[in-house]
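**Student:** Here's a structure for you.
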Amino acid sequence: LKVVAKVIVKKEYQKELEDLFHKTVDETRKEEGNVSYELHQGVTNPLEYTILEVWKSQDAIDYHHQTSHFLAFKDGIGGKIDGLSIDVIRKVY
């Protein structure tokens, strides 16, 4: 399964949230069920970040959502973003 998460950060929190993104990525990559976890930044809108995730299973995603680093990320972005979208997708062709 793949997850595409887009986060639009508020400019005044960009540096703080970049640090939080980096910590989250580093810790998530250590999870057994994670295949890959990449952070991307928009070229035309540098306040838009996209996290591209690949997971072995839905159970792995569910486990990730209970980890301390994910919960810290979730709490850390509160009130500091202008948008969030999350899509879970799978390859069909």
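**Student:** Of the conditions (1) surrounded by 15 or more Cβ atoms within 10 Å (Cβ to Cβ); (2) among the basic types (Lys, Arg); (3) more than 16 Å from Gly78 (Cα to Cα), Lys6 clears all except one; give me its number.
**Tutor:** (3)
**Student:** What is the residue count in the range 41-76 for residues that are within 15 Å of Lys2 (Cα to Cα), under 12 Å from the mean Cα position of the chain (by Cα) and either open to solvent by 70 Å² or more (accessible area, probe 1.4 Å) or free of Cβ contacts under 8 Å to residues at least 40 places away in the same chain (or both)?
**Tutor:** Number satisfying all stated conditions: 2.
**Student:** Now, a different point. Quick check, is Lys30 closer than 19 Å to Gly79 by Cβ and open to solvent by 30 Å² or more (accessible area, probe 1.4 Å)?
**Tutor:** When the stated conditions are applied, Lys30 does not pass them.
**Student:** Here's something else I'd like to know. Here's a check for you: in the range 77-87, which residue that is over 12 Å from the mean Cα position of the chain (by Cα) and charged (D, E, K, R) is farthest from Lys2 (Cα to Cα)?
**Tutor:** Lys80
The values are calculated or read from the model by the stated rules, or taken from the named source; none is laboratory data. Worth saying up front: this structure is predicted, and the values here are computed from it rather than measured. A quick note on method: Cβ atoms are made from the backbone with ideal geometry, for glycine too, and the neighbour counts reach across all protein chains shown. Quick note on the areas: whole protein, heavy atoms, side chains included, nothing else; ligands and nucleic acids left out. Shrake-Rupley method; radii C 1.70, N 1.55, O 1.52, S 1.80 Å.
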